[in-house]
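**Q** This is the structure, below, for whatever I ask next.
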Amino acid sequence: MRSGHAVVLRSYPEGLPRTTDFEWVSETTPEPGDGQVLLRILWASIDPAMRTWHSARPGRGVVRPLGTVMKAVAVAEVVESRNSLRVGDHVVGSFGMREWCVSDGADVTRVLDASIEPRLGLGSLGHIGLTAFAGVHKVARAQAGETVLVSSAAGATGALAGQIAAAAGCRVIGIAGGPDKVAICRTEYGFDMCIDRHAETDLARAIRTAAPEGIDVFFDNVGGPTLDAAMQNMNALGRVAICGTISVRSSEPGHGPRHERLMLDKQLTVQGFLTSQFEVDYPEMLESLSLLHSEGRLHLREVVVEGAENAPLALEQLLAGEFAGKVLVRIAA
């Protein structure tokens, strides 16, 4: 038996999750049985989707019972093994915001190559990179010479989506909140242009000014009024890849302008997607991401939060727009 700690769901969030919705508790982890491994959690990812995962009305998936461990994608080290995984392996999976975990391997999504820095398995070379790549290439089918618009461009997924599109020969325009995030998109991520949504009273006009020739692909992490503004600037046969809807509550459909006529007249393709639907393509996509990373064409800021007990605050800050880049929780050295 090993003594450790975990973050558990104390109450369902009303609106955005708050630190008071979670609790840091002691827990005891048993020794692994036949077919199981003991995992020491090294790093955990803070993602906008955690808002949906812990909602009383998540919109998709099952409701998590109160008292269960905060769901999080994490990288762990195999400490003891009674199955095919080897001691010392670094594995990725939804292990939760905790220090130790016993697994039968069903929740292990990937064994990291020894050459990969473990935390990269949660960012550029992990589920964030896969999401960005799938949206740009599998859903939106971005082509060289096209103009790609990305919302929440300073966030982890948006930043990678923009860089992946640029690597494909696209002109990339970002939308971000505040001059600091705009500067990051331009100087660190190489966006051709970036719009400060906080400084614009008419976002549709700002997009039109930045892209007078129109938008071919919109990679959307936000939804709501941002989507409405982008739709007004789409070119004929344009594609919209909806990755997230952070401005719309998970349990409600949202309200806004009707776009049916615009979609018809311009023959637009609007598709929401989940990365998991492209699981069969993961090896191919990871190979492409690894190549881009090795060539120095993928950059991603990291915000490192020390200790799993600080994960709820990190989530609250992420959803409030206080961070730029990938937010990681360091749980063990």
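**Q** Too long at a 25 Å Cα-Cα cut-off: which of Lys266/Lys326; Lys181/Lys326; Lys138/Lys326; Lys71/Lys181?
**A** Pairs exceeding the cut-off: Lys266/Lys326; Lys71/Lys181.
**Q** Amide H to amide H, which residues 5 or more places from Val73 or on other chains are under 5 Å from it, using H placed in the peptide plane?
**A** When sequence neighbours closer than 5 places are left aside, the close amide H contacts are Ser45.
**Q** Next up: Grab the beta carbon distance between Ala320 and Ala236, set R0 = 41 Å, and tell me the FRET efficiency rounded to 0.05.
**A** With R0 = 41 Å, the Cβ-Cβ based efficiency is 0.65.
**Q** Along Cα→Cβ, 7 Å out, is where each label goes; now give me the distance between the ones at Arg297 and Asp107 in nm to one decimal.
**A** 3.6
**Q** What does the extension gain come out to for Thr201 and Asp281, with contour length at 0.36 nm per residue minus their alpha carbon separation?
**A** Contour length minus Cα-Cα distance gives 24.7 nm.
**Q** Looking at the chain only, what percent of DSSP beta bridges run antiparallel? Nearest 5 please.
**A** Taking every DSSP beta bridge within the chain, about 55 percent pair in antiparallel fashion.
**Q** While we're here: Val69: net charge of surrounding residues, Cβ under 10 Å, Lys/Arg +1, Asp/Glu -1, itself excluded?
**A** After counting each charged neighbour, the total is +2.
**Q** Also, I was wondering about something else. Helix 282-294 versus the longest principal axis of the chain: what angle, 0 to 90°, nearest 10, using Cα atoms?
**A** 80
**Q** Label-point separation (nm) for Ser3 and Leu313, each offset 7 Å from Cα along Cα-to-Cβ?
**A** 2.4
**Q** If I take R0 = 35 Å and measure r between the Cβ atoms of Glu80 and Arg186 in this structure, what FRET efficiency does the formula 1/(1 + (r/R0)^6) give, to the nearest 0.05?
**A** 0.15
**Q** Among the trypsin sites (Lys or Arg not before Pro) in the stretch 247-291, which ones are in a DSSP loop with at most 10 other Cβ atoms within 10 Å of the Cβ? Mind listing them?
**A** Taking the stretch 247-291 and a limit of 10 other Cβ atoms within 10 Å, the loop trypsin sites (Lys or Arg not before Pro) found are Arg258.
**Q** Continuing with this model, one more query. For the pair Ser288/Leu274, report the inter-label distance in nm, with labels modelled 7 Å from Cα in the Cβ direction.
**A** 2.2
**Q** Taking only Cα atoms, what is the 0 to 90° angle, nearest 10, from helix 156-167's long axis to the longest principal axis of the chain?
**A** So the inclination is approximately 60 degrees.
**Q** State, as an integer percentage, the relative contact order of the chain based on alpha-carbon contacts under 8 Å between residues 6 or more apart.
**A** 19
**Q** Mind checking the full-extension length gain between Glu27 and Ser115? Use 0.36 nm per residue of separation minus the Cα-Cα distance, one decimal, nm.
**A** Net length gain for the segment: 28.4 nm.
**Q** Rounded if a/c is under 1.5, else prolate if a/b beats b/c, else oblate: with a ≥ b ≥ c from the C-alpha gyration tensor eigenvalues square-rooted, which is the chain?
**A** prolate
**Q** Which of Leu125, Val248, Phe191 sits farthest toward the positive end of the charge dipole of the chain, with +1 on the Cβ of Lys and Arg and -1 on the Cβ of Asp and Glu?
**A** Of the listed residues, the answer is Val248.
Every read-out reported here was derived from the displayed coordinates using simple, explicitly stated rules and does not represent laboratory data. Predicted model, so just to flag it, every value in this text is computed and none were measured. Glycine gets a Cβ as well: all are built from the backbone with ideal geometry, and neighbour counts include every protein chain shown.
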